[in-house]
Amino acid sequence: MRNSLRLATALAGVCLLAAPASADTLKEALTRAYQDNPTLEAARAQLRATDENVVIQRAQGLPSVNTTTTYSEFLVQNSTSFIAPERQLNASVDLGVPLYQGGAVKNGVLAAENRVDAGRADLRGTESGVFADVVAIYMDVILNEALVSLSSNNVEVLSINLEATSDRFEIGDLTRTDVAQSESRLAVARGDLQTAEANLVNARERYIALVGTAPTDLQPPPPLPGLPDSVQMAVDVALENNPDLIAAKERADAAGYDIEVAGAGRLPTFSAFTNGGYQNFLGTLGAVPGATADQTATSATAGVRMTLPLFQGGRVAAQQRQATAQAEAALEQVIATERSVIAQTRAIYSSWRAANAIIASSQAAVDAAELSLEGVRAENTVGNRTILDILDAQQELLRAQVQLVTARRNAYVAGFNLLAIMGKAEARDLGLGDEGLLYDPVVNYDRVRGIIWDWQRDPEPQADSSRTVDIPPADGEVPDEDPLDEFGTEIIDYSDTAPPPLEAPESNP
């Protein structure tokens, strides 16, 4: 599975090198992050480490074979013995078979399996968290590109206005105050443009850190699928599918088994054993006069051993009380996680609905501000409005445009975060790649579960994610286009849309 992901990433890199720069879609950005994000790769490796706990626990109930070999030189011999040897070689083989260990092995395996399930839920949470970050930074890049375009357009408009104001001042139609007002607004606009460009560079660099490639002409995002019709529906889905809540429940179940494992320390254990030994004095064993000494000896024993703890200083009772307290803490953590999921779901749903409402009001504000600016300019030509009125109207239009593009960004990010907390923002939900390229954690679990050979080992560890040191620094330049079109020209009620997962829509959202 890991080789398949690396192959897909390599092929994607070859295609990127062979093809000219082209536009990026949100689905492409998510796919790249899924295949090449180091946080996600680390979470997969951590889950593979958790898988091994099942094998480790199960090994305690399997037979064990040990061999011991010793070679001894007797430096000082017993002076009263006629048969004292000078050296000795001993070898023994011991086989032990656990028969009963008070349930410690069975409950330990069950606890480990629950923690594997919790780890899989954690991986799902990491996956959806990375995707939520990618969506947020994708929209941040688009937002900041729009803000740079708006700021640049504002500078251009104010520059033209300053020229016109200066010309009218030269002929005595306006005062020096009018020119100073225009100069002041232009200076502020230029500073805002510098700030917007710096924010765009920051957003693009964060995109590179998450996705592994530089953003190229990001396209408007497609409508989000499967958003809930009500806050209660969102909460119900989240309580059933949220990966953090599932992980907390699995850990609570595992903690319950830990109590039984700790209590098994006071119960008797049974095991079967056999032992074979070989002894050789290497020709140095003496003999009684008139007799020949046998230099070698062999032995073999077999039996059943019972161990019954009688007194352990309260250690077992303390361990079981400790496990009980930890289980109580895990149960409380389930409630805490459930509360958090409910609160976050309701808050995100509210933010999503509010952002969509702001889109509608901001669009109305932009339309009204455009008409207002046009009217103020017309009235200024006949002396009914001042230059300050024009500057104020221009500033009001800019604020409305900034609020509009910001609301569109916030609505989309909130909508995706809502899907994420509902447990519906993972690779399969978003239609990323074919089934063969999706990481399946069960594959590694099935691979290692049956391994009992002590000398088996995996290849040396290596990082699979690509480095970004060779990607050129981001800049604050944007393509020459209408900034409002980067988010689309229509206001979409995302609650009523249910297109195929992250496929480009027929028209801009």
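Where a number appears in this text, it was derived from the coordinates with a stated rule and is not lab data. Predicted, not measured: the structure shown is a model, and the values here were computed from it. All Cβ positions, even for glycine, are placed from backbone atoms using ideal geometry, and neighbour counts span all protein chains on display.
More than 12 angstrom separation, counting every C-alpha pair in region 377-433; what % is that? Walk me through the intermediate numbers first.
Working: 1195 of 1596 pairs.
Every Cα pair in region 377-433 considered, those over 12 Å come to 75 percent.
If you count, for each residue, the other Cβ atoms within 10 Å and average over each peptide, how do 456-467, 370-381 line up from highest to lowest?
On the way: 456-467: 9.8, 370-381: 14.2.
Peptide ranking by packing, descending: 370-381, 456-467.
Helix-only estimate, please: 222 nm mean residue ellipticity of the chain, summing -39500 (n - 2.57) across DSSP H runs of length 4 or more and dividing by its residues, to the nearest 500. Intermediate values should be presented prior to the final figure.
Values: 11 runs with 300 residues, N = 509.
For the chain, the value works out to -21000 deg cm²/dmol.
I need the semi-axes of the equivalent ellipsoid of region 120-264: take the C-alpha gyration tensor, multiply each eigenvalue by 5, square-root it, list largest first in whole angstrom. Working shown, then result.
On the way: eigenvalues 637, 54, 43 Å².
Equivalent-ellipsoid dimensions as semi-axes: 56, 16, 15 Å.
If you average 1/r over every pair of different alpha-carbon atoms in the chain and take one over that average, what Kirkwood value in Å do you get?
Working: mean 1/r = 0.0340 Å⁻¹.
This gives a value of 29.4 Å.
Could you give the Stokes-Einstein D for region 410-460 in µm² per second, using the C-alpha Kirkwood radius, 25 °C, 0.890 mPa s?
On the way: Rh = 14.3 Å.
This corresponds to a translational diffusion coefficient of 172 µm²/s.
What does the highest-first list of 359-369, 388-398, 249-259, 414-424 look like by mean Cβ count within 10 Å? Before the final figure, lay out the partial values.
Working: 359-369: 17.0, 388-398: 19.1, 249-259: 21.5, 414-424: 25.5.
Result, highest mean Cβ count within 10 Å first: 414-424, 249-259, 388-398, 359-369.
With a point put 7 Å past each Cα toward its Cβ, work out how far ARG428 is from GLN333 in nm, to one decimal.
2.5
Given R₀ = 25 Å, FRET efficiency for SER166-VAL382 by Cβ-Cβ distance, to 0.05?
Values: r = 21 Å, r/R0 = 0.83.
About 0.75, to the nearest 0.05.
Given region 53-118, what whole percent of its Cα pairs are spread farther than 16 Å? Please report the intermediate quantities before stating the final value.
Values: 1426 of 2145 pairs.
For region 53-118, the fraction of Cα-Cα distances above 16 Å is 66 percent.
Take region 197-263, compute every pairwise Cα distance, and split them into 10 Å bins from 0; I just need the percent in each bin.
Bins of 10 Å from zero give 15, 20, 20, 27, 12, 5, 0 percent of pairs.
Take SER465 and GLN322, extend 7 Å from each Cα along the Cα→Cβ direction, and tell me the distance between the two endpoints in nm.
3.5
Starting from the Cα-Cα distance between MET306 and ILE56, subtract it from 0.36 nm times their residue separation and give me the gain in nm to one decimal. Write out the running numbers ahead of the final one.
Values: separation 250, 0.36 × 250 = 90.00 nm, distance 2.35 nm.
Using 0.36 nm per residue and subtracting the Cα-Cα distance, I get 87.7 nm.
May I ask you to derive the FRET efficiency for THR177 and ALA42 from their Cβ-Cβ distance with R0 = 45 Å, giving the value to the nearest 0.05? Please list the in-between numbers first.
Details: r = 62 Å, r/R0 = 1.37.
Once the sixth-power term is evaluated, E becomes 0.15.
Treat region 227-284 as a sphere of radius equal to its Kirkwood radius over Cα pairs and apply Stokes-Einstein at 4 °C in a medium of 1.567 mPa s; give the translational diffusion coefficient in µm²/s, rounded to a whole number. Mind dumping the intermediate values first?
Working: Rh = 17.4 Å.
So the translational diffusion coefficient is about 74 µm²/s.
Over the alpha carbons of region 151-211, what is the largest minus smallest coordinate on each principal axis, giving the biggest first in Å?
Here the spans come out as 58, 14, 9 Å, largest first.
If each Cα of region 342-418 is one equal point scatterer, what is log10 of I(q)/I(0) from the Debye formula at q = 0.14, 0.22 Å⁻¹?
Debye intensities relative to I(0), on a log10 scale: -0.54, -0.86.
State to the nearest 20 debye the size of the charge dipole of region 194-311 about its Cα centre, where the only charges are +1 on K and R beta carbons and -1 on D and E beta carbons. Walk me through the numbers on the way to the answer.
Details: 6 positive and 12 negative charges, 138 e Å.
It works out to roughly 660 debye.
Can you tell me the Rg and Dmax of region 215-356, counting just the alpha carbons, in angstroms?
Looking at region 215-356, its Cα Rg and Dmax stand at 33.0, 110 Å.
Let me have the relative contact order for the chain, percent, based on Cα pairs under 8 Å that are six or more residues apart.
In percent, rounded to a whole number, it is 27.
Enter the per residue convex hull volume of region 302-461, computed from alpha-carbon coordinates, in Å³ rounded to the nearest integer. Can you show the working numbers first?
Working: hull volume 46.9 nm³, N = 160.
It comes to 293 Å³ per residue, whole-number rounded.
Taking a quarter of the surface of the Cα convex hull of region 37-170, what do you get in nm²?
Details: hull surface 83.3 nm².
Average projection, Cα convex hull of region 37-170: 20.8 nm².
Of the peptides 61-72, 201-212, 43-54, 160-171, how do they stack up when ordered by the mean number of other Cβ atoms within 10 Å, highest first? Please list the in-between numbers first.
Details: 61-72: 11.2, 201-212: 19.7, 43-54: 17.8, 160-171: 14.5.
Averaged packing, sorted descending, gives the order 201-212, 43-54, 160-171, 61-72.
Round to the nearest 10 and give me the degree value, 0 to 90, for the angle of helix 176-211's Cα axis relative to the longest principal axis of the chain.
20
Can you compute the modelled spin-label distance between LEU282 and THR216, with each label point 7 Å from Cα toward Cβ, in nm?
About 7.3 nm separates the two model spin labels.
When the chain is fully extended, how far beyond the present Cα-Cα distance does TRP453 get from ALA49, taking 0.36 nm per residue of separation?
Values: separation 404, 0.36 × 404 = 145.44 nm, distance 1.74 nm.
Gain in length upon complete extension: 143.7 nm.
How high is the FRET efficiency between ARG266 and VAL442 when r is their beta carbon distance and R₀ equals 35 Å, given to the nearest 0.05?
Details: r = 37 Å, r/R0 = 1.05.
For ARG266 and VAL442, the calculated efficiency is 0.45.
Using only Cα atoms, find the angle between the long axis of helix 315-381 and the longest principal axis of the chain, and express it within 0 to 90 degrees, rounded to the nearest 10.
Helix 315-381 sits at roughly 10 degrees to that axis.
Residue separation times 0.36 nm, minus the C-alpha to C-alpha distance between GLU156 and ALA198: what's the value?
Working: separation 42, 0.36 × 42 = 15.12 nm, distance 1.88 nm.
Contour length minus Cα-Cα distance gives 13.2 nm.
Antiparallel versus total DSSP beta bridges in the chain: what percent is that, nearest 5?
Numbers: 33 of 34 bridges.
Counting only bridges with both partners in the chain, antiparallel ones make up about 95 percent.
Distance between Cα centroids, region 319-397 to region 417-477: provide it in whole Å.
If you average the Cα positions of each part, the centres end up 34 Å apart.
For region 96-187, what is the Kirkwood hydrodynamic radius in Å, using each pair of distinct C-alpha atoms?
Numbers: mean 1/r = 0.0508 Å⁻¹.
Kirkwood hydrodynamic radius for region 96-187: 19.7 Å.
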